[in-house]
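Report on the following structure.
The values are calculated or read from the model by the stated rules, or taken from the named source; none is laboratory data. Just so we're clear, the structure is a prediction, and the values are computed from it rather than from any experiment. Because the Cβ atoms are built from the backbone with ideal geometry, glycine has one as well, and the counts that use them run over all protein chains shown.
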Amino acid sequence: MAVDRVKAGLSAVEARDRMANGALSATEYAKACLDTCAALDGDIQAFEWLDPAFVMRQAELCDAHRRSGRSIGPLHGVPVALKDIIDTRGIPTGNGTVLDAGRVPERDAAIVSQLRAAGAIILGKTVTTELAYLHPGRTRNPVNPAHTPGGSSSGSAAAVAAGMAPLAVGTQTGGSVIRPASFCGVTGFLPSAGSIARTGILAQSPTLDRVGVFARSVEDAAMLADALFGHDDLDRATAPAPHPRLHAVASTNAPVRPMFAFVRTPYWHKADEACQLAMEELAEHLGEGCFEAGLPDVFGEAASVRERINLAEMSKCYHRYVRDGSEQLSQRLCEALDRGGKVLAHDYIAALDWPDYLYAALGEIFQRCDAIITPAAPGPAPMGLESTGDSVFNAIWTLCGTPVITLPLFSDEDGMPMGVQLVGPRGGDARLLRTARWLVKHLETDGTGD
């Protein structure tokens, strides 16, 4: 099948702008994306549900809307793939388990309503791990199918990495946006906790669950996140607040050269040699624009505290699956649910104090820098499909609720991607995106980054 690689290879921002001024139609762009899916997804298996006729009908409506002369949305005609734990009205949402096979929601998740209002095209539903936990799905890594794509937002990361979708949405409770983005070689952005409503999305751990986005560039990620930010009365983690204008800020030049703090974290020993060398070389390359900062020893407990909260809340949220069909759940998930059910109440309640406790300890570092740089994962995607990789380098930031972004800046000697994770202060999402864009441009100009 012939694929129009020029159209399919456009950035989301470029495609949006061309469709807005009439240089490209939504149907042309949608067809290019669908042709890419048809050519590649048989091997990659990123999509759980994809209906080309449904996609083209949405594209036709976008073109008709523009011809009518009415104003168009900020994502006009841009296809967006959605992790299959996000409810979509009239479209199957199976949550990665046979127990929800054939489930068709009657309502859209809050973010799906926002995407439709912004003019986006729902491209399809992407494969997730079982109930967004650790048991792998069938998706392969587009860079090398013998390696894991990560998880749990495996399909979303792979779809963007393969060029099948310009944008995709995932979720993270441990490292489920940042890790697969790093493994597949794309940009993954996880906004501050409470920025994007989770209404209509499978709840695994309400304290930790967050919505994140996948894109081919910082600007593309900012454009999608812009459309998703907002308050929802049904998600108590969100609050009415002025819109941060993510894309507008991310697209501007930093007023001064950003300052970075290189943080190895207490888990540095878990990073492989290639990852350690790449991070150290990056810090050295940034010179006076980067200083090394340590974390108090207590941060060494962050991963176990995050897991305690996750498992305790997952045991409660997934009780119905155990009740209705535990024999159809993976052993890995059943063991995790059993462990979560044994967490003592006072241990769980004490763990809930840790996010603010740890975040307060980061204050001194954030006073001195624009962003922390740290590994996105222990190294490139591991060989094999039995595991989704280790989220230990994501645990601290997930627990603290900080915004994070991973950039595909490095690769190992076999060509497997390795991401660099940038971390900003809570609420500093726009500034973090602008800093990330500066870093990408700086390394491109200097000819480094590989």
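Values as computed for the structure displayed
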{"read-out": "Set 77, 119, 96: member being surrounded by 17 or more Cβ atoms within 10 Å (Cβ to Cβ) and closer than 27 Å to residue 331 by Cα", "value": "96"}
{"read-out": "Which numbered condition residue 129 fails, given (1) closer than 18 Å to residue 321 by Cβ; (2) in contact with a strand residue (DSSP E or B) (Cβ under 7 Å, 6 or more places away or on another chain); (3) among the hydroxyl-bearing types (Ser, Thr, Tyr)", "value": "(2)"}
{"read-out": "Flag for residue 17 being of a type in the set (Asp, Glu), at pLDDT 95 or above and over 21 Å from residue 219 (Cα atoms)", "value": "no"}
{"read-out": "Whichever residue in the range 322-366 is within 30 Å of residue 100 (Cα to Cα) and charged (D, E, K, R) and, among such residues, is surrounded by the fewest Cβ atoms within 10 Å (Cβ to Cβ)", "value": "327"}
{"read-out": "Candidates 366, 410, filtered to the one that is farther than 16 Å from residue 190 by Cβ, of a type in the set (Phe, Trp, Tyr), part of a strand (DSSP E or B) and in contact (Cβ under 8 Å) with a residue 12 or more places away in the chain", "value": "410"}
{"read-out": "Given (1) surrounded by 12 or more Cβ atoms within 10 Å (Cβ to Cβ); (2) in contact with a strand residue (DSSP E or B) (Cβ under 9 Å, 6 or more places away or on another chain), number of the condition residue 284 does not satisfy", "value": "(1)"}
{"read-out": "Filter pass, residue 62 being touching a residue at least 24 places away in the same chain (Cβ under 8 Å) and either under 22 Å from the mean Cα position of the chain (by Cα) or part of a strand (DSSP E or B) (or both)", "value": "no"}
{"read-out": "Selection within the range 306-328 - at pLDDT 95 or above and touching a helix residue (DSSP H, G or I) at 6+ places or on another chain (Cβ under 7 Å)", "value": "306, 308, 309, 311, 312, 314, 315, 318, 321, 322, 328"}
{"read-out": "Residue in the range 126-140 that is surrounded by 23 or more Cβ atoms within 10 Å (Cβ to Cβ), of a type outside the set (Asp, Glu) and in contact with a Cys (Cβ under 6 Å, 6 or more places away or on another chain) present", "value": "no"}
{"read-out": "Scan of the range 343-363 for residues that are assigned to a helix (DSSP H, G or I) and in contact with a helix residue (DSSP H, G or I) (Cβ under 7 Å, 6 or more places away or on another chain), ordered by number", "value": "347, 348, 351, 354, 355, 358, 359"}
{"read-out": "Which listed residue, of 220, 209, 233, 226, is out of contact with any helix residue (DSSP H, G or I) (no Cβ under 9 Å at 6 or more places or on another chain), modelled with pLDDT of 95 or more and in the same structural domain as residue 133 (by TED's automatic domain parsing)", "value": "233"}
{"read-out": "Condition broken by residue 402, with the remaining ones in (1) under 17 Å from the mean Cα position of the chain (by Cα); (2) not in a loop (DSSP other than H, G, I, E, B) satisfied", "value": "(2)"}
{"read-out": "Hey, residue 145 in contact (Cβ under 8 Å) with a residue 60 or more places away in the chain, over 22 Å from residue 93 (Cα atoms) and in a loop (DSSP other than H, G, I, E, B) or not", "value": "yes"}
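Residue-wise test of (1) in contact (Cβ under 8 Å) with a residue 24 or more places away in the chain; (2) outside the structural domain of residue 341 (by TED's automatic domain parsing).
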position	(1), (2)
264	yes, yes
269	no, yes
275	yes, yes
288	no, yes
305	yes, no
315	yes, no
321	yes, no
325	yes, no
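For (1) of a type outside the set (D, E, K, R); (2) at pLDDT 95 or above; (3) assigned to a strand (DSSP E or B); (4) surrounded by fewer than 23 Cβ atoms within 10 Å (Cβ to Cβ), each residue gets a yes or a no:
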{"site": "157", "(1), (2), (3), (4)": "yes, yes, no, no"}
{"site": "160", "(1), (2), (3), (4)": "yes, yes, no, no"}
{"site": "168", "(1), (2), (3), (4)": "yes, yes, yes, no"}
{"site": "171", "(1), (2), (3), (4)": "yes, yes, yes, no"}
{"site": "189", "(1), (2), (3), (4)": "yes, yes, yes, no"}
{"site": "199", "(1), (2), (3), (4)": "yes, yes, no, yes"}
{"site": "213", "(1), (2), (3), (4)": "yes, yes, yes, no"}
